[in-house]
Amino acid sequence: MASSLVVPVIDVQNDNFKELWPAMVVAIKTSSFVAVDTELSGLGNRKSLLAESIEDRYKAICHAARSRSILSLGIACYKKLDSKAADTYLVQVYNLTLLCSEEYIIEPQSVQFLVQHGFDFNKQYAHGIPYCKGNNKGGSDDRGVHIRALFTELLRARKPLVLHNGLIDMAFLYQSFYAHLPERLATFTADLSEMFPAGIYDTKYVTEFELRLPASYLEYAYKKCKLDNSRSLTSGGTGPHVHVEFCPYAGHMSAYVDYRECPAAASAEGQTDICQRFSAFGWCPNGAQCPLSHDTDLIILQDEKGKEDKRKKRKRQREKKKGGGAVAEGSSTFDSAPENKVRHMEVDQEETPDDHQKTTAGPCTESDGNVQQEEAENVKTGNGVCEDKPDARNSATIATTDEDSNMKTNADDSVENRTADGGREKFSDRSPGTEAQKKTEAGTHRAGFDAFMTGYIFAHSCTLIKKEGAGAVEEKDGQSWLSTCLNKVYLSGKAAPLNVVKSTFSKSSKAHTQKMEMVWGGRM
């Protein structure tokens, strides 16, 4: 039986921050891993963020992190429950509304995009949690109740950090809550490797290089993992699957909870009006005005149908070859695939993952189609919105002709959730009523829900690869994580990831060394 997935996201603001502080710290310390997502006031020059030189990219990201701010921070704490069925997680999700106390740039297109998707700037300026960027401003990082102290608690917990396309997120977190960003990329990665000794995992890299999904933008990856997990449950519970549970929030706590409810996936029968550009990259220049569907559920189902059609076609071709017949001239195993989307698991070995991002554009193509397609989601600009009408899912990137109009604004998604005897998805006992549903429709807590989706992709990937016996999972503190993805951060347009390691030829920054003495008392 199909049903909707309901995810409770706790809304944290300045007026309830102290009250929720103990619970957040406990959730972080007792978690198995922590997934994080951010919403930003802007990113600046798009071409610089996609420069050929990774060092140049880093400089552009540093400029953005120093001149822009984090508007909201999503934290999803996943705790593996050993007493429950295999791979059962207790999940606590927080969405923190923030307000930088210093001057910062906010891009007009970003404001428009956020307002269209329900972000409440009045609430941010009235109730946002204040913070100062850089080094030791606004109080000591290890004392008091403030956002920098919460980040210090995250470091002290020594838990694996999970992000989606996380390089920009990490730079903003470092600059906003830790210290001034170092000038060199090698110094930055050296610092990160010591800040998160349990490892950093990028689900964008996981979905591209491990799962080899047809697309890897957050909404698509989450829904595909959730759908596959649901099928494992409905098949009798024999396949690899993840269970998620949420805390019941009663009394006055219920007033802080935003229930994210998304409908089950629809059938793909008779549906062919997919926007191929959005299908491949989670972004379309026409946004809500696009006449074609941006329904990610429908996109996934159509991708699966196309894959099955290609499998059957290859089988017929093999049989024809065995029978002495010649393959028709010009035929291709990719004939039934969308024109601008070739799946990773079916490419030639010589072809690199970033080559897939450079194919012909679909119906929404502009003159610079190839460039814009590659730029779309890969500069941390988010996904479609879960709304009533499939074609109302807005674009992931602000569609302008200016290069400096990008904005990392992830939105909310829906997914099919199925249950079966012996394998039930477990949710909060509290059923969202009319008031909660109204809050859901407001759509103001995207960072928190995106953090939940990021964590879910990671949990599912660990379970799937472990059950497949691929040898890519290692034990850390009694938990199984993806060893092949450890400290590998996705880089748009590159066949290799950024390795978060301390090079023999680089040193940690002075500011970081001082911070580590404060965080761990010199014990690194």
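The values are calculated or read from the model by the stated rules, or taken from the named source; none is laboratory data. If you're wondering where the values come from, they're calculated on a predicted model, not measured in any experiment. Note that we place each Cβ from the backbone using ideal geometry, even for glycine, and neighbour counts take in every protein chain shown. Heavy atoms of the whole protein, side chains included, go into the accessibility calculation; ligands, DNA and RNA do not. Shrake-Rupley method; radii C 1.70, N 1.55, O 1.52, S 1.80 Å.
Shown in residue order for region 492-499 are the 3J(HN,Hα) couplings computed by the Karplus curve 6.51 cos²θ - 1.76 cosθ + 1.60 at θ = phi - 60°: 4, x, 10, 7, 10, x, 7, 8 Hz (x for Gly and Pro).
Each Lys and Arg contributes +1 and each Asp and Glu -1, all at the Cβ; summed about the Cα centre of region 63-205, the dipole is approximately 240 debye. Working note: Cα atoms of region 1-95, range along each principal axis, descending, whole Å: 48, 35, 29. Highest-first packing order for the peptide set 487-493, 503-509 is 487-493, 503-509, based on the mean count of other beta carbon atoms within 10 Å.
Any chance you could count the Lys pairs in region 38-139 whose alpha carbons are under 29 Å apart, treating pairs 8 or more apart or on different chains as valid? Could the numbers behind the result be given before it?
Numbers: LYS47/LYS59; LYS47/LYS133; LYS59/LYS133; LYS59/LYS137; LYS123/LYS133; LYS123/LYS137.
The number of close lysine pairs in region 38-139 is 6.
Under 5 Å between amide hydrogens, built in the peptide plane, is the criterion, and for TYR178 it picks out GLY134 among residues at least 5 positions away or on other chains.
As a fraction of the 1.4 Å probe accessible area of region 124-258, surface on carbon and sulfur atoms comes out at 52 percent. Remark on THR88: its backbone amide H falls under 5 Å from those of LEU81, HIS243, a criterion applied only to residues 5 or more positions apart or on other chains, H modelled at 1.01 Å from N. Per-residue 3J(HN,Hα) values for region 73-86, derived from phi via the Karplus relation 6.51 cos²θ - 1.76 cosθ + 1.60 with θ = phi - 60°, read 10, x, 10, 10, 9, 9, 10, 6, 9, 5, 7, 9, 4, 3 Hz in sequence order (x marks Gly and Pro).
When the surface is traced with a 1.4 Å probe over the full set of protein chains, TYR104 keeps roughly 50 Å² accessible.
Protection proxy ranking for 280-288, 209-217, using the average of other Cβ atoms within 10 Å per residue and placing the highest first: 280-288, 209-217.
Per residue, how big is the convex hull of region 173-219 when only Cα atoms are used? Give it in Å³. Intermediate results must be reported in sequence, preceding the final value.
On the way: hull volume 5.5 nm³, N = 47.
Output value, Cα hull per residue: 117 Å³.
Per residue, region 72-196 exposes 33 Å² of solvent-accessible protein surface, assessed with a 1.4 angstrom probe and all protein chains in place.
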